[in-house]
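Report on the structure given below.
The values are calculated or read from the model by the stated rules, or taken from the named source; none is laboratory data. This is a predicted model, so every value here is computed, not measured. Don't worry about glycine lacking a Cβ; one is built from the backbone with ideal geometry, like all the others, and counts go over all protein chains shown. These area figures cover heavy atoms from the full protein model, side chains too; ligands, DNA and RNA do not enter into them. Shrake-Rupley method; radii C 1.70, N 1.55, O 1.52, S 1.80 Å.
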Amino acid sequence: MSVAVALGIVAGGRGGPLPLVVVLALLSLIVAVFLARDRPLGAVAFLVVAAWCAGTLLYRLATIPPGPDHVASFTSRRVLLRGVVEEIETREGRTRLVLEARSVVTGTFPRPVHGRILVSLPGERRFSYGDLLEVRGRVRRPHDAGNPGEFSYRRYLARKGILAILSVSRGEGVRLLARNRGDRVGAARFALQERLSRTLMGGMPPPYGEVLSSLTFGTAPPKSVAEMFTRAGVVHLLVVSGFHVGLVSGTALSFLRLLALPVWVAVSVAALLVGAFSFVVGPHPSAVRATIMVLLGLSAMLLGREKDAWTALAFAGLVILVLDPLALFSASLQLSFAATAGILYLAEDLTARLPLPKQVAVLVGVSLAAQLATAPLVAASFGRLSLVAPVANLLAVPLSLLIVPLGLLAAFCGLFAGPVAAALLAFLRPWVQFLLASVGWFASLPFASVEVPPPSAWAVAGLYAAGCLGVEMARRGLRPTRRQVALACLAVGAVVIWVQVAGEIDSRRLRITVMDVGQGDAILIRSPSGRVALVDAGGAVEGYAQEFDVGEERVVPFLHRLRVRRIDLLVLSHPHEDHVGGIPAVLRSFPVGLVWDSGFKHDNPSYPRVLRMIHAGRIPYHLARRGDAFDLGAGVKIFVLFPSGRLEVGTGSDVNNNSLVLKLVHGQVSMLLPGDIESPIEDLLLGLGEALRSTALKVAHHGSETSSTPTFLTAVRPEVAVISVGEGNPFGHPDAKTLRALRGVGARIYRTDHHGAIALISNGKRLWVETFRREGLSQEPGNGKRKTEGT
C-alpha cells in the first residue's frame, strides 16, 4: 500500500485527467469489497489500485495553486507585511524568519491575507516565536531549479508550505508590534528548544557548543562544520534521525529495566520520552519516520504482539505521505528510508561475514549497510560520494553514543540543575573536541570525497535491482552456470553498446548551453569533437549581496553532471562580477587549456583573484583581439570580432563596452556572443557587415535598453535570441523595448528566468532549441523540456 501511494504521488506530478482517477479509485474499492471474502488476493490487488489513485489525489490536493488572498499572490510587488513569527534561524550574519502572514498593505488600506512567507534579514536579530512583526519589502517567488539535476529551493520551501520570500533591503526597518500572538503549543516548543540549545551552546566555546547542539537536537551547525562532516560521510549525525530517536528509547528502556520496573511502566515512560524528544526537535522527516517506528515497536512490546520492522517502516511511510505527499520528493526522506531499509536488509548478513569481534562487526555492518543503501541516491542528489565514511563512522558513531545521551541529560538538567549541567558539559567538552578533530582529519584526506557523475533515475533503479539480485543469489548459494554468466555478459554488453551508440549520435552535434545562473552569464559550448569552451561563469551582481557562490553551487555541479573533465577554452568576456564571480570555483575544479580575456582592468572582488589563480596555475593566458580564432574541432570555430586593437575609453560604460564579442560557427549555423556591449560598440560593429549575420544571438547585457538597437538586430537577423537574466532582477531586465526590437526582426525569444537552462543543438545545417522548463511554469526536472526547430 505504501509503495502504491508513493507511485500514485509520482503519477500525480505527471498530469492526467483527475475525474478518471476518482472514478477508478471508487470502482477499485467497490470491487475489493465484493472480492474480500472469496478472493482475498484479488481484493488486495484492487486495494493497491485504489491506493495508487489515492496517491495521485493527494498530490493534486497538495499542489492546488494559492488563491488571491494568499500572500504569494503579491509576487513582484512591494508591500508592508504584518505576520507572526513561526520559525527563527540565525546563521552566518543573517536572520531567517518564517512568518504566518496576517495582512498586506500595497496602497492605503491593509488587506487580510494568509500563508507562510520566508523573510531574510541582514544581521542577527532577537525575535521570539509568536512575535507580530511589520516588515517592508518585495515579495518574490523562491528560486526554482534552472539547470538539469539542480536543487530546487522553490520545491524545498513548498514542501514546508512556504510559497513566497520577502526580500528586505538594507536600511528597511522591521518593527515589533506585539508578542505572544502564536499558538501556545508552538510557543512552548520553541521556548523549550531555544532554552535547551542555549544551555549547550553557552556551556562550551564556539564551535563546540554549536556542534553539541547539532548532534543533540539537529540545530543548524556552522557551514564549515557541515561541509566537514559531509566530506567525512558522517553528516547524518548532525540531523535528527532514527539514530537519535532509537538512542533515546534504548537508553530509557535500559535504565528503567535496571530499576526492575514492570514492562508496561518502562515501555510507557520510554514512549513518553520519545514523544517529548520528537516534540522538541520538530517535524523533521527522518525523526518522524523513526518516532513512528519506535512507537510501533514499543506498542508491540506492551501488547505482546509480533514486531516486524518492515511493516513498521511501510506504515511510517504511509503516514508521512498521507500527511505530506510532497515529502516524497525530499532527499532527506528518501535517504532516511533508504538507510533504514538497507540496515534491515543487509546489516545482519554483513555482520555475520565480517571477521571482526562481534560488537565491532555489528557497528561496521550497520554502517556499511546504510552507506551501500544510500550510495545511489547520494550520487544522484549530490554528485559526490565519501570513500572514508565506513571508517569515519566506526569512530564517530561510538563517540556519538557517549555524547548525545549526556548532551540530552545536560540540556534538561540546565532547566532545573545548572551545576549538574555545567559538570556534564565540562566532561563532554574534550570528547566533542576529539570528535571534531577526528572528523576534520578524515575530511582532510585527499580521497575523502570524490565527485561522481550523477546517475539517472533509471540507473539508480538498475543499481538497486542489481544489488538485490546479487544479495539474493548469495543468500541462496546460487552459482550461475557458465552459460548464464555468458548470457548476462552479452545482455550487459548489448546495453552498454546501445548506450554508447546513443551517446555517439548525440555527441555528433554541437551543444551550446546557456545556463541559468540568475542575473549573470555562463555559456557552455561542447563541440562534436568533445572539446569544451566556457564563456563566463556567473556571479553576484555588483551592489547586491548573494548568499552563495554561483560557481561552486551551480556552474561546477552542472559541468560535472555533463561529465566535463577539461575546459579547453575559458573566456572572460569582461570583468564584471556577474560574469567572472564563478570563475574561481571553475579554476579550482577543472584543468584549463587557455584563457581569453579582453584585458580591461577592474577592481571587483573576483577579477584580480582570477588573474592570480591563472598566474599561479601557469595557465596559458591571451588578450583576445579581432582576428583571433579557436578551433574546437569537428568544424566548430570561435572567432573574435571585438576588440580590434586598443580598448575603448570614454563610452559611458567602459567595462561593458570592452566585452569580448565572439562568433561561434558550425557549418551553416552560427551564434553571436556579444557579452555586455552597449549601443556605441554595436554601431562600431555594423562596419563588419555580413560577418554579423548569425542564426542565434545571446542578447547583450541581459536585454538592457542600452543594447540591442534595431539597426544592430537587423544586421544580425537572429532566428533565435537567448536572454540570460535573473528572475525579479532589480534592473528590470529585459527591457520591453528590447523585446519589441527582437520580435521586430522575427527572433524567437528564450529567457533563462522563464525557461531555465537553454540548449542550442546543431548538426551544422539546422538548429534545435531545448529548454529545461516550460515558460512561466515550475515543474519537476525534465517535465518541462521543450524543443523547437529552426533552420
- Once you put a point 7 Å from the Cα of Leu344 and another 7 Å from the Cα of Ala457, both along the Cβ direction, what distance in nm separates them? 2.3
- Assuming R0 = 45 Å, can you tell me the calculated FRET efficiency for the pair Glu227 and Asp603, based on Cβ-Cβ distance, to the nearest 0.05? 0.95
- Largest first, how would Glu306, Glu472, Glu770 line up by accessible area (1.4 Å probe)? Glu306, Glu472, Glu770
- Among Lys160/Lys307; Lys637/Lys737; Lys663/Lys765; Lys737/Lys765; Lys698/Lys765, the pairs whose Cα-Cα distance exceeds 24 Å are Lys160/Lys307; Lys637/Lys737; Lys737/Lys765
- Message: Given the DSSP H assignment, sum -39500 (n - 2.57) over each helix run of at least 4 residues in the chain and divide by its residue total; what's the result at 222 nm in deg cm²/dmol, nearest 500?
- Response: -15000 deg cm²/dmol
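Quick check for me: using +1 on Lys/Arg Cβ and -1 on Asp/Glu Cβ, what's the dipole size of region 205-317 about its Cα centre, in debye to the nearest 20?
The calculated dipole for region 205-317 is roughly 60 debye.
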- With point charges of +1 on the Cβ of Lys and Arg and -1 on the Cβ of Asp and Glu, referenced to the Cα centre of region 549-623, which listed residue (Gly593, Phe558, Leu570) lies farthest in the positive direction of the dipole? Gly593
- Note on the structure: The simple spin-label model distance between Thr63 and Ala426, using points 7 Å out along Cα→Cβ, in nm, is 5.8
- Computed on Cα atoms, the radius of gyration and Dmax of region 24-146 in angstrom are 22.8, 69
- What number comes out for the charge environment of Leu132, summing +1 per Lys or Arg and -1 per Asp or Glu over other residues with Cβ under 11 Å away? +2
- Task: Over the chain, with every protein chain in place, what whole percent of the accessible area is carbon and sulfur at 1.4 Å, could you tell me?
- Result: 63
- Query: By what distance, in whole Å, do the Cα atoms of region 143-276 stretch along each of the three principal axes, largest value first?
  - Reply: 61, 43, 34
- Nearest-20 debye value, region 58-200 charge dipole, Cβ charges on Lys, Arg, Asp, Glu: 160
- Mind checking which of Ala287, Gly530, Ser152 is farthest towards the positive end of the chain's charge dipole, using Cβ charges of +1 (Lys, Arg) and -1 (Asp, Glu) about the Cα centre? Ala287
- Scaled radius of gyration (Cα, divided by 2.2 N^0.38 Å) that region 341-481 gives: 1.35
- Query: So how strong a dipole does the chain carry about its Cα centre when Lys and Arg Cβ are +1 and Asp and Glu Cβ are -1, to the nearest 20 debye?
  - Reply: 1160
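For region 59-103, take the alpha-carbon Rg, divide it by the Kirkwood Rh, and send me Rg/Rh.
Using only Cα positions, Rg/Rh for region 59-103 is 1.06.
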- Item | Local net charge near Leu176, Cβ-Cβ under 13 Å (Lys/Arg +1, Asp/Glu -1) | +4
- Query: Just in region 80-180: which GluC sites (Glu not before Pro) are loop by DSSP and have at most 15 other Cβ atoms within 10 Å?
  - Reply: Glu92, Glu124, Glu172
- Item | Cα Rg, Dmax (largest Cα-Cα span) when computed across region 369-418, Å | 16.5, 47
- Computed over the Cα atoms of the chain, what is the convex hull's projected area averaged over all directions, in nm²? 40.5
- Message: Just to be sure I follow: if Rg is taken over the C-alpha atoms of region 179-242 and Rh is the Kirkwood radius over the same atoms, what is Rg/Rh?
- Response: 1.07
- For the chain, find the longest principal axis of its Cα atoms and tell me its angle to the long axis of helix 263-281, 0 to 90°, nearest 10. 20
- Task: On a 0 to 90° scale, report how tilted helix 242-258 is relative to the longest principal axis of the chain, with both axes built from alpha carbons and the result rounded to the nearest 10.
- Result: 10
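Looking at the chain, identify the longest residue range that excludes and avoids all chymotrypsin sites (Phe, Trp or Tyr not before Pro) in DSSP loops having at most 13 other Cβ atoms within 10 Å.
Segment 1-415 is the longest.
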- Note on the structure: With the dipole of the chain defined by +1 on each Lys or Arg Cβ and -1 on each Asp or Glu Cβ, the option from Thr752, Ala389, Ser606 whose Cα lies farthest towards the positive pole is Ala389
